[in-house]
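**Student:** The structure is given below, and queries will be raised subsequently.
The values are calculated or read from the model by the stated rules, or taken from the named source; none is laboratory data. Because the structure is a prediction, the values reported are computed rather than measured. Positions of Cβ are backbone-derived with ideal geometry, glycine not excepted, and every protein chain shown enters the neighbour counts. All accessible areas refer to the heavy atoms of the entire protein, side chains included, with ligands and DNA or RNA removed. Shrake-Rupley method; radii C 1.70, N 1.55, O 1.52, S 1.80 Å.
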Amino acid sequence: MKTSKTLSLLILSLFATAALAFTPPAALAADVSIGAGAGVVPDYEGSDDYEVVPVPYLTVKWDNNMSLDLLGNKAKANLLPSPTWKLGPIFQYIKQRDNVDDNKVDKMKNVGTSLMAGGFLGFHYENWRAGIEAMTDVNNGNDGSIVRLNGGYSIPFAPVWNLSIGVYTTWADDDYMSSYFGVDRKDAERSGLKRYNADSGFKDVGTTFTLSYSPWQRVSLLGIAGYKRLLGDAADSPVTDDRGDENQFVAAIVAVYHFNIGSTEQSEVGSGAWY
């Protein structure tokens, strides 16, 4: 646990320094895509109840391949001017677990809002992509760290249609697992759930499908569907096994507007795992 926390903090400090030094190349042309939509996600990780959330979207890609990306609760910046390699800071927002629909889980102690921050390394070749992300909480919410491996493939199967398929798996440390899936003595007394110790390990494996429809020059529609299966202690926790579901789903519809700054090429609608 201490080793993973130290490693994540080191990665975060390195990329925070790089991000502060990063100045968007204003002299270069950029393709910009901005949008918004609505999605449906579990009301806490492991829940079988769902809620509607806003889904913001932003992609800025400069001619030298540096970029900024935002989808839902996740944002990242690629600092490498390379068409193949991607490297930079990454952030993910996790809302607090409080006032949830399940009456027993709701009686457990709140888990505060978390801002996961760290770095990512990615590789793109033609329509293939792969990457690794390492993040740690910097907002004293779950106080944990995660490492995520991901990969995917894009299929432009018609002039106005593009399908992107992604897969991923996530490892989480003791602090993260204990915050969301552990049940200590006080939680057991308040909720009636049995005590449970959640240790570090791979907590999930999942897949995402992103379908973009671009019949107009400046406007696209983006449909996102995702499935995640909780694993190990995350799946066996009373929070999941007794009160929720190890099968987790997300879905969203987003409208995107494209424009260019000093360029005539339209930016590609991006995709990625979120929530």
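**Student:** What about residue 90, is it in contact with a Lys or Arg (Cβ under 8 Å, 6 or more places away or on another chain) and open to solvent by less than 50 Å² (accessible area, probe 1.4 Å)?
**Tutor:** Values: in contact with a Lys or Arg (Cβ under 8 Å, 6 or more places away or on another chain): yes; open to solvent by less than 50 Å² (accessible area, probe 1.4 Å): yes.
In short, yes.
**Student:** For segment 63-99, which residues satisfy the criterion of being of a type in the set (Ser, Thr, Tyr) and assigned to a loop (DSSP other than H, G, I, E, B)? Before you say what the answer is, go through the steps one by one.
**Tutor:** The initial filter retains those residues of segment 63-99 that are of a type in the set (Ser, Thr, Tyr), namely 67, 82, 84, 93.
Residues satisfying the conditions are 82, 84.
**Student:** Among all residue pairs at least 6 apart or on different chains, which show Cβ distances below 6 Å where the first residue, located in segment 207-218, is part of a loop (DSSP other than H, G, I, E, B) and surrounded by fewer than 18 Cβ atoms within 10 Å (Cβ to Cβ) and the second is at pLDDT below 95 and of a type in the set (Val, Ile, Thr)?
**Tutor:** Correct list of pairs: 215/160.
**Student:** Please determine, by comparing only the residues of segment 1-57 that are among the hydroxyl-bearing types (Ser, Thr, Tyr) and at pLDDT 95 or above, which one is most open to solvent (accessible area, probe 1.4 Å). First the steps, then the outcome.
**Tutor:** Let us first name the residues in segment 1-57 that are among the hydroxyl-bearing types (Ser, Thr, Tyr), namely 3-4, 6, 8, 13, 17, 23, 33, 44, 47, 50, 57.
If we keep only those that are at pLDDT 95 or above too, we end up with 33, 44, 47, 50, 57.
Values: 33: 0, 44: 14, 47: 0, 50: 85, 57: 8 Å².
The qualifying residue most open to solvent (accessible area, probe 1.4 Å) is 50.
Conditions tested, residue by residue: (1) out of contact with any Pro (no Cβ under 9 Å at 6 or more places or on another chain); (2) closer than 23 Å to residue 116 by Cα.
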position	(1), (2)
151	yes, yes
161	yes, no
177	yes, yes
187	yes, no
196	no, no
214	no, no
219	yes, no
231	yes, yes
244	no, no
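**Student:** May I ask you to verify whether residue 157 is of a type outside the set (D, E, K, R), in contact with a Phe, Trp or Tyr (Cβ under 7 Å, 6 or more places away or on another chain) and either outside any loop (DSSP other than H, G, I, E, B) or farther than 19 Å from residue 203 by Cβ (or both)?
**Tutor:** Numbers: of a type outside the set (D, E, K, R): yes; in contact with a Phe, Trp or Tyr (Cβ under 7 Å, 6 or more places away or on another chain): no; either outside any loop (DSSP other than H, G, I, E, B) or farther than 19 Å from residue 203 by Cβ (or both): yes.
No; evaluated as a whole, the condition is false for this residue.
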